[in-house]
Amino acid sequence: MREKNLKKLNKVSSAFILLSAISLGIEANYASRDSLQTIFLVLDCLLVIYFTLEIILRIRYKKSRWKEFISAAKNQLLNFWGNEPQEEIDTKCLEEWSWLLFDLLLVLLTYLSFLRHSFDHPQLVLLLRLFRIFRIFRLFELNHTLRKIEKKIISAIPTIITFLLLINIILYIYAVIGMYMYEFKKFNSIDFTSVYNTMTSLFILMANGWSEPLRELRTVATVPSLVTDAYIISFFIFSVLITLNVFLAVMTSQIQERFKNEMDAIKKKEEAIEKEITALEEETSKDNKIVNQKLDKILEHISSTKK
């Protein structure tokens with residue numbers, strides 16, 4: 001009964017999530033019309049009331065409790081850091097409660113945005129209500145196909161974090177070197193005035209290409225052209241050609257390994273089912289032999305009695 005009610009609730013919630021996302025787009029398009037602001041405010045109130053009631057109902061219909069989520073989260077962290085979990089991770093419980101806490105945070109931010117007049121910078125607080133646009137990601141939970149994609153994305157998060165850490169290390173190293181090489185100056189295509197500005201400029205260089213910064217530094221900067229060439233080209237090689245290709249290779253190998261593990265798990269289940277069927281057939285044949293033996297004895301006894 002709980003599962004049936006939860007499925008109905010999820011279908012209704014999907015419609016409200018889409019309505020919430022569409023309303024934000026319409027509001028952004030007609031933000032200059034003051035006459036429509038009251039309508040948008042009333043719609044916001046209705047949506048936040050619904051999602052508040054939805055959270056209460058989801059907690060009520062849930063089979064897993066808060067303690068089970070804490071235990072699953074603890075085991076997941078232990079597994080992430082390379083230690084074996086003490087108990088098997090309840091992924092379904094972990095996923096359900098994570099989405100629930102995500103929704104709860106969005107609802108609290110929306111309630112906080114209603115109190116914007118109590119703050120010194122109400123426009124910044126008003127932006128909190130816009131975070132509800134991220135609720136559209138809940139469609140990953142409500143749709144079976146999207147849920148499979150979500151699991152694949154989540155499984156790749158550790159690799160993505162490692163890649164981002166590596167990129168930031170490279171950006172930091174080249175930022176510090178560049179600031180001292182080019183005497184903390186600001187050029188048209190690249191800025192060496194601070195670590196943050198330099199890292200940002202190098203990231204833009206990494207995304208948009210290195211030809212223009214290289215040309216400008218060779219003509220304007222006092223550093224020898226050969227040193228500038230080595231600095232820019234080596235940065236591009238390490239940040240894009242090597243790191244990105246390694247990242248893609250690791251991601252591809254992880255996807256292949258995950259697919260192989262899934263296939264192995266399916267084969268193990270099939271083998272286990274075949275063993276169970278074989279065991280049942282053997283037990284059935286044994287039972288049939290025992291029954292036949294007992295019937296033979298009974299028939300022999302009857303025949304001997306008649307004699």
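The values are calculated or read from the model by the stated rules, or taken from the named source; none is laboratory data. Predicted model only: the values in this text are computed from it and were never measured. Every residue, glycine among them, receives a Cβ derived from its backbone with ideal geometry; neighbour counts consider all protein chains shown.
Considering only residues that are surrounded by 12 or more Cβ atoms within 10 Å (Cβ to Cβ) and without any contact (Cβ under 8 Å) to a residue 24 or more places away in the chain, look in the stretch 169-182 and name the one that is farthest from P224 (Cα to Cα). Please lay out each step first, then the result.
So the first thing to find is which residues in the stretch 169-182 are surrounded by 12 or more Cβ atoms within 10 Å (Cβ to Cβ), and the list is 170-179, 181-182.
Narrowing the set further to residues that are without any contact (Cβ under 8 Å) to a residue 24 or more places away in the chain leaves 173, 176, 179.
On the way: I173: 20, V176: 18, M179: 15 Å.
The residue in question is I173.
Among residues belonging to the stretch 243-262 that are hydroxyl-bearing (S, T, Y) and surrounded by 11 or more Cβ atoms within 10 Å (Cβ to Cβ), point out the one that is farthest from I153 (Cα to Cα). Only one residue fits best here, namely T243. Criterion first (closer than 19 Å to I170 by Cα, modelled with pLDDT of 75 or more and of a type outside the set (D, E, K, R)) does V223 satisfy it? No. With respect to the conditions (1) in contact with a helix residue (DSSP H, G or I) (Cβ under 6 Å, 6 or more places away or on another chain); (2) in a helix (DSSP H, G or I), L226 lacks only one, and its number is (1).
Would it be correct to say that L248 is in a helix (DSSP H, G or I), modelled with pLDDT of 85 or more and not β-branched (V, I, T)? No: the conditions fail for L248. Taking the condition assigned by TED's automatic domain parsing to the domain that holds L9, closer than 30 Å to E257 by Cα and at pLDDT 70 or above, does R138 pass? So R138 passes the test.
Per-residue answers, yes or no, for (1) at positive phi; (2) surrounded by fewer than 16 Cβ atoms within 10 Å (Cβ to Cβ); (3) among the basic types (K, R):
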site	(1), (2), (3)
F184	yes, yes, no
S189	no, no, no
I204	no, yes, no
N208	no, yes, no
P213	no, no, no
A221	no, no, no
L241	no, yes, no
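Can you confirm whether the stretch 205-217 contains a residue that is within 28 Å of the chain's Cα centre (by Cα) and either aliphatic (A, V, I, L, M) or modelled with pLDDT of 90 or more (or both)? The answer is yes; a qualifying residue exists.
What number of residues within the stretch 196-254 satisfy the criterion of being touching a residue at least 60 places away in the same chain (Cβ under 8 Å), within 15 Å of I177 (Cβ to Cβ) and hydroxyl-bearing (S, T, Y)? Of the residues in that region, 1 qualify.
Here's the yes/no breakdown for (1) of a type outside the set (D, E); (2) at pLDDT below 70; (3) under 21 Å from the mean Cα position of the chain (by Cα); (4) in a helix (DSSP H, G or I):
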| position | (1), (2), (3), (4) |
| --- | --- |
| T38 | yes, no, no, yes |
| C45 | yes, no, no, yes |
| K63 | yes, yes, no, no |
| L78 | yes, yes, yes, yes |
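Exactly one residue out of Y180, Y174, Y196 is of a type outside the set (A, V, I, L, M, F, W, C), in contact with a Phe, Trp or Tyr (Cβ under 8 Å, 6 or more places away or on another chain) and modelled with pLDDT of 85 or more, and it is Y174.
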